[in-house]
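Some notes on the structure that comes next.
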Amino acid sequence: MHPMLNIAVRAARKAGNLIAKYYEASQKGSNDFVTNVDREAERLIIEIIRKSYPKHTIITEESGELAGEDQDVQWVIDPLDGTSNFIKRLPHFAVSIAVRIKGRTEVAVVYDPMRNELFTSSRGQGAQLNGYRLRGSTARDLDGTVLATGFPFKMKQHAPAYMNIMTKLFTQCADFRRTGSAALDLAYVAAGRVDGYFEIGLKPWDFAAGELLVREAGGLVTDFTGNHGYLLSGNLVAGNPRVVKSMLSNMRDELSEALKR
């Protein structure tokens, strides 16, 4: 196992256990510590990484960039992806940790503490769920597929274009899922639980780990025009190559200028 994957798994499990404990407690008691759970989980993750790799740079949702002496290695972390679900007591959220070396994602972990599902990957080694090898969907086109998505709730200016894309895809596929965690959506694409996925305006920590899982399970990740601009725009399409191709061709005519970037 890649030594950094080892540390990422340890950190994800520790943070996940903390989140699950908070979740159980919040079922019983007051609501005020919910907002602290991501900070607490993040602190745990950073502590574990720093112990083994004190010089690495860490990029997190809560704290931004914590620059280290070694700028070549970046840990990209979302301590709780699916916060709204957590707050609403909807048990679907995950810890997401990725390691990028010189701009390439090498290691990925997405951990769902409620189901004890650990999705892992290191570049060139395939993707696993609790140690078992993952292969994505074998769908040949959109017919009969289930697609995952997320509404652009923070960027509602894209609502009209998004709804048009959705309508177009809905006439082609069997159904949609919208679960509230981009990290798990991508992990589910890797596992073949959904056939494809698209979303507007994600942040690097939302998709850094999930992207490698999809690729290592034989899938593709592109932006809305089939290129690699998603690192900047956060506009993602993921699935097996045929599904991605079908999604892109259906989306093409509905894209606003802003979504072509």
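The values are calculated or read from the model by the stated rules, or taken from the named source; none is laboratory data. Because the structure is predicted, anything quoted here is derived from the model rather than measured. Because the Cβ atoms are built from the backbone with ideal geometry, glycine has one as well, and the counts that use them run over all protein chains shown. Side chains included, ligands, DNA and RNA excluded: accessible areas come from the protein's heavy atoms. Shrake-Rupley method; radii C 1.70, N 1.55, O 1.52, S 1.80 Å.
Nearest 5 is fine: what % of DSSP beta bridges in the chain come out antiparallel, could you say?
The antiparallel proportion sits near 75 percent.
Would you work out the Kirkwood radius for the chain? I mean one over the mean of 1/r across all pairs of different Cα atoms, in Å. Please list the in-between numbers first.
Details: mean 1/r = 0.0544 Å⁻¹.
Result for the chain, one decimal place: 18.4 Å.
Please label the shape of region 1-122 as rounded, prolate or oblate, based on the square roots a ≥ b ≥ c of the eigenvalues of the alpha-carbon gyration tensor (a/c under 1.5 means rounded; beyond that, a/b larger than b/c means prolate, else oblate). If you can, show how the numbers build up before the last one.
Values: a/c = 2.32, a/b = 1.75, b/c = 1.33.
Cα axes put region 1-122 in the prolate bin.
Straight-line reach from Lys168: which lysines fall under 16 Å, measuring Cα to Cα and dropping same-chain residues less than 8 apart?
Lys245
Evaluate the relative contact order of the chain (contact order divided by residue number), counting alpha-carbon pairs under 8 angstrom at least 6 apart; express in whole percent.
That works out to 17 percent.
Please name which of Gly210, Gln172, Pro160 has its Cα lying farthest along the dipole of region 152-261 towards the positive end, using unit charges on Cβ (Lys, Arg +1; Asp, Glu -1) and the Cα centre as origin.
Looking along the dipole axis, the top candidate is Pro160.
Report the residues of region 190-224 in range of a label on Thr138: point 7 Å along Cα→C-beta, backbone N strictly under 18 Å from it.
Only 190-196, 217-220 fall inside the zone, counting backbone N under 18 Å.
Rounded if a/c is under 1.5, else prolate if a/b beats b/c, else oblate: with a ≥ b ≥ c from the C-alpha gyration tensor eigenvalues square-rooted, which is region 200-252?
Oblate shape, in that a/c is at least 1.5 and b/c is the bigger or equal ratio.
Mean separation of Cα pairs under 8 Å and 6+ residues apart, divided by the residue count of region 114-261: what relative contact order is that in percent? If you can, show how the numbers build up before the last one.
Working: 296 pairs, mean separation 40.8, N = 148.
In percent, rounded to a whole number, it is 28.
Taking H placed 1.01 Å from N in the peptide plane, check which residues at least 5 places from Leu66 or on another chain put their amide H under 5 Å from its amide H.
Ile58, Ile59, Thr60
How high is the relative contact order of region 47-142, given as a whole-number percent (alpha carbon pairs under 8 Å, six or more residues apart)?
15
Could you work out what % of the accessible surface of the chain is carbon and sulfur, using a 1.4 angstrom probe and leaving DNA, RNA and ligands out of the count?
The value for the chain is 50 percent carbon and sulfur by accessible area.
Output ³J(HN,Hα) for region 55-70: one whole-Hz value per residue in order, computed from phi by the Karplus curve 6.51 cos²θ - 1.76 cosθ + 1.60 with θ = phi - 60°, and x for Gly and Pro.
Once θ is set to phi - 60°, the couplings for region 55-70 become 9, 6, 8, 10, 10, 10, 5, 7, 9, x, 9, 9, 5, x, 4, 9 Hz.
So what is the 222 nm mean residue ellipticity for the chain from helices alone, if each DSSP H run of at least 4 adds -39500 (n - 2.57) and you divide by all residues, rounding to the nearest 500 deg cm²/dmol?
-12500 deg cm²/dmol, from helical runs alone.
For a test of the definition: using alpha carbon positions, the gyration tensor, and the 1.5 limit on a/c, classify region 152-261 as rounded, prolate or oblate. Provide the component values of the computation, followed by the final result.
On the way: a/c = 1.42, a/b = 1.20, b/c = 1.18.
Note, shape of region 152-261 comes out rounded.
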